[in-house]
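Written out below as structure tokens is the structure these notes cover.
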Amino acid sequence: MNPKIGIVICGQTDNRQFVTTPYIESVIRFGGLPLIIPLTGSPLLLKQYVSLCDGFLFCGGADITPLLFSEEPAFGIGAVDLRLDQFQINLTKQILHHTSKPILAICRGMQILNVACGGTIYQDISLQPGNPFNHMQTSSDRSDICHRIDIKHDSQLYQLLGTSAFTNSYHHQTINKLGIGLNTSATTSDGTVEAIEMPSHPFIIGVQWHPECMLDTSSSMQHLFSAFIKMGIE
């Protein structure tokens with residue numbers, strides 16, 4: 001039976017909840033059965049989703065409400081959705097505390113993972129120390145590469161992608177303080193955290209780029225998604 005992969009909604013607008021198509025197609029492509037997890041305030045439903053699914057995919061999306069990581073809003077922050085933030089953080093905590101099921105957290109999803117573990121984020125990359133370059137690429141093709149990431153040898157990501165990779169980039173917020181139990185597994189040349197992991201779990205990986213948009217052009221991103229789906233079977 002195909003592993004049931006819960007795809008957590010990307011966002012909501014005009015009384016609609018949504019997940020963009022590449023996430024669904026990526027799960028199907030590597031043998032998963034995609035199940036959309038909608039925003040719900042019911043603890044009982046949340047518990048049932050955690051029990052039902054074999055793995056969880058957290059998607060990209062808008063910014064995170066800064067009060068949830070004990071900060072006031074700063075200049076440069078974009079649109080936020082408090083109910084969505086709280087739902088995704090609560091779901092992440094449920095998965096981490098009660099299961100060993102795999103999580104692949106993409107872009108905003110990686111930041112949600114970090115905040116759920118007690119970490120913080122820079123509300124805009126301009127607030128990050130040093131001289132960060134532009135991580136919001138302007139290419140019209142989301143599969144295009146934007147920059148290189150360097151991967152730490154003691155990471156799970158290194159086993160999948162090797163010492164480095166070229167990725168796309170569509171974010172203006174970045175990791176600041178790492179959450180409890182998380183390690184940095186990849187960075188860019190300007191020091192921006194591009195991937196995080198939780199070594200105490202079999203497969204908890206967050207990536208700042210969008211691998212779901214690079215599957216037709218990058219064997220490395222295929223390896224990442226394939227490994228995630230396979231972990232849902234074990």
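Go through S189, M1, L104 and say which Cα lies farthest out towards the positive end of the charge dipole of the chain; charges sit on Cβ, +1 for Lys and Arg, -1 for Asp and Glu.
The residue sitting most towards the positive pole is M1.
Just one of [x] 29, 21, 16; [y] 57, 49, 11; [z] 24, 22, 17 is semi-axes √(5λ) of the Cα gyration tensor in Å calculated from these coordinates, so which is it?
Read-out from the structure maps to [z].
Non-local amide H neighbours of I204 (under 5 Å, H modeled in plane, Pro and chain starts lacking H): which ones?
Correct list: I103, M198.
Are there chymotrypsin sites (Phe, Trp or Tyr not before Pro) in region 75-179 that DSSP marks as loop and that have at most 14 other Cβ atoms within 10 Å, and which are they?
Numbers: sites: F75, F87, Y122, F133, Y158, F166, Y170; in loops: F75, F133.
Here the chymotrypsin sites (Phe, Trp or Tyr not before Pro) that fit, given the DSSP loop and packing criteria, are F75, F133.
Would you mind telling me which residue in M198, M136, M214 has the biggest mean-square fluctuation in a Gaussian network model of the chain, where springs connect alpha carbons within a distance under 10 angstrom?
Taking springs between Cα atoms under 10 Å, the residue moving most is M136.
Taking the Cα centre of region 1-105 as the origin and placing charges on Cβ (Lys, Arg +1; Asp, Glu -1), which of L82, F18, I95 is farthest toward the positive end of the dipole?
I95
Of the residues I180, I103, I37, which exhibits the maximal mean-square fluctuation in a Gaussian network model of the chain defined by a 10 Å Cα contact cut-off?
Answer for the Gaussian network model of the chain: I180.
Just how far, in whole angstrom, is region 195-225 from region 1-40 if you go by their alpha carbon centroids?
16 Å
Might you report the magnitude of the Cβ-based charge dipole of the chain about its Cα centre, with Lys and Arg at +1 and Asp and Glu at -1, to the nearest 20 debye? Can you show the working numbers first?
Numbers: 13 positive and 19 negative charges, 124 e Å.
Around 600 debye, computed over the chain.
How high is the relative contact order of region 4-231, in percent, counting Cα pairs under 8 Å that sit 6 or more residues apart? Walk me through the numbers on the way to the answer.
Numbers: 469 pairs, mean separation 46.7, N = 228.
Relative contact order for region 4-231 comes out at 20 percent.
Mind listing the long-range amide H neighbours of S185? Cut-off is under 5 Å, sequence gap 5 or more, other chains count too, H placed in the peptide plane at 1.01 Å from N.
Sorted by chain and number, the residues that satisfy this are A195, I196, E197.
Can you pull out the cysteines in the chain that have no other Cys Cβ under 4.7 Å?
C53, C107, C117, C146, C213
Test of understanding: in a Gaussian network model of the chain with alpha carbons linked when under 10 Å, which of T65, T167, T138 would top the mean-square fluctuation ranking?
For the chain, modelled as a Gaussian network with Cα springs under 10 Å, the answer is T138.
List F18, F56, F69 from most exposed to least, where exposure is judged by having the fewest other Cβ atoms within 10 Å.
On the way: F18 15, F56 28, F69 21.
Ascending Cβ contact count within 10 Å gives the list F18, F69, F56.
Readers should treat all values here as calculations from the given coordinates under stated rules, not as data from a laboratory. As the structure is a computational prediction, the values presented were derived from the model and not from experiment. Please note: Cβ atoms are built from the backbone with ideal geometry, for glycine as well, and neighbour counts cover all protein chains shown.
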